[in-house]
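The values are calculated or read from the model by the stated rules, or taken from the named source; none is laboratory data. Just so it is clear, the structure is predicted and the values come from calculations on it, not from any experiment. Please note: Cβ atoms are built from the backbone with ideal geometry, for glycine as well, and neighbour counts cover all protein chains shown. Heads up: the accessible areas ignore ligands, DNA and RNA and are worked out on the full protein's heavy atoms, side chains in. Shrake-Rupley method; radii C 1.70, N 1.55, O 1.52, S 1.80 Å.
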Amino acid sequence: LGHTLVAPTIRIGCSDHHMEFAGTITVRRETFEAVVTDYVTSLARHGFERIFLLPTHGGNFGPLAAMEDGLRRAVAPTLVAAYTDVFAVVELWRRETEVELGLGASVGGHADIAETSIMRHLRENLVRMDLAEKGFMGAMSEEVVARLMREGMRSMSSNGIFGDARGATPALGQRLLNAFADHAADVFRRAAADQPAGK
C-alpha cells in the first residue's frame, strides 16, 4: 500500500467455537467491538485519514463485518475499511496451493496445509510435521461456518483441522502470504478509491 503504518496487532479474538480445545481464550463480541472501536477512534483522533482492518482469525471476520458501518460512523470522515471475506481467503489459498503443489483440496480453512505452511515459513521451529494429519474435509460454505460457530469446532473436527495439514512447506507459506498481501492491498485500494478519506 506504500506509505502505510502498521498499528499494533489486536491479539484478542472471538474464539468461543474453539473453547472445547484446552488453552483457548476468547472474548465476547461486545468486548471485541469495544476494543476495535477504541483502536479506530484513537487513530482517527491522531489524524489518520484511512484505517484498514485485516483480521487473521476466522472468528473475527463476522463480528468485524457486523461492526464496520458503526466504525465508519464513529470516526467519519476518516475512512474505515475492513477485510471481511473469509471465503475469498480460503479460495485464494486453494488456488495457490493447487498451482504450487497440486494439493488444493487439502485447504480447508483451519490448521490445514495453508496455515501450516505459513507457520513453517514464519516459525519453522514451532511446527511438528510428524504430527500433521487430516481433519474435516467438507467444503467451506456459509452453512459449514454457521454450524461451526453454533456447535463448536470439535463437533465437526476432533483435531481442530479443517482440511489436511500434510504436505505443508515453507515455500508454499511464503507464496500464500505474498498472494494474500497483494489481494488484501487490492481490496483496500478499491475501498479508498470508492470512499476517499475526508468525504
* Structure fact -> How many residues of region 155-176 are part of a helix (DSSP H, G or I) and loosely packed, with under 15 Cβ neighbours inside 10 Å? The answer is 2
* Asked: Does residue 6 count as over 21 Å from residue 152 (Cβ atoms), touching a residue at least 40 places away in the same chain (Cβ under 8 Å) and either out of contact with any strand residue (DSSP E or B) (no Cβ under 6 Å at 6 or more places or on another chain) or outside any strand (DSSP E or B) (or both)?
  -> no
* Asked: Out of the residues in region 67-86 that are out of contact with any helix residue (DSSP H, G or I) (no Cβ under 8 Å at 6 or more places or on another chain) and assigned to a helix (DSSP H, G or I), which is surrounded by the most Cβ atoms within 10 Å (Cβ to Cβ)?
  -> 72
* Asked: Would a scan of region 185-199 turn up a residue that is touching a residue at least 24 places away in the same chain (Cβ under 8 Å), among the basic types (Lys, Arg), exposed (fewer than 14 other Cβ atoms within 10 Å of the Cβ) and closer than 30 Å to residue 51 by Cβ?
  -> yes
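Can you find, within region 91-128, the residue that is nearest to residue 180 (Cα to Cα) among those that are of a type in the set (A, V, I, L, M, F, W, C) and buried (at least 23 other Cβ atoms within 10 Å of the Cβ)? If you could, list the steps in order and put the result at the bottom.
Of all residues in region 91-128, those of a type in the set (A, V, I, L, M, F, W, C) come to 92-93, 99, 101, 103, 105, 107, 111, 113-114, 118-119, 122, 126-127.
Those left that are additionally buried (at least 23 other Cβ atoms within 10 Å of the Cβ): 93, 107, 113-114.
Details: 93: 8, 107: 14, 113: 15, 114: 11 Å.
Within region 91-128, the match that is nearest to residue 180 (Cα to Cα) is 93.
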* Structure fact -> Filtering region 129-146 down to residues that are modelled with pLDDT under 95 and open to solvent by less than 100 Å² (accessible area, probe 1.4 Å) yields 138, 139, 140, 141, 144, 145, 146
* Can you name every residue in region 13-28 that is assigned to a helix (DSSP H, G or I) and in contact with a Ser or Thr (Cβ under 8 Å, 6 or more places away or on another chain)? -> 16, 18
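Among the listed residues 41, 31, which satisfies the condition of being outside any loop (DSSP other than H, G, I, E, B), touching a residue at least 24 places away in the same chain (Cβ under 8 Å) and either in contact with a strand residue (DSSP E or B) (Cβ under 8 Å, 6 or more places away or on another chain) or surrounded by fewer than 18 Cβ atoms within 10 Å (Cβ to Cβ) (or both)?
Values: 31 fails: touching a residue at least 24 places away in the same chain (Cβ under 8 Å).
Only one candidate qualifies: 41.
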* Provide a single number: the residues in region 46-66 that are outside any loop (DSSP other than H, G, I, E, B) and either touching a Gly at 6+ places or on another chain (Cβ under 6 Å) or surrounded by 14 or more Cβ atoms within 10 Å (Cβ to Cβ) (or both). => 12
* Return only the number of the condition from (1) open to solvent by 50 Å² or more (accessible area, probe 1.4 Å); (2) among the hydrophobic types (A, V, I, L, M, F, W, C); (3) touching a Leu at 6+ places or on another chain (Cβ under 9 Å) that residue 25 does not satisfy. => (3)
* May I ask you to list pairs of residues, at least six apart or on different chains, whose Cβ atoms are under 7 Å apart, with the first in region 76-94 being touching a residue at least 24 places away in the same chain (Cβ under 8 Å) and aromatic (Phe, Trp, Tyr) and the second being surrounded by fewer than 19 Cβ atoms within 10 Å (Cβ to Cβ) and assigned to a helix (DSSP H, G or I)? => 83/184; 83/187
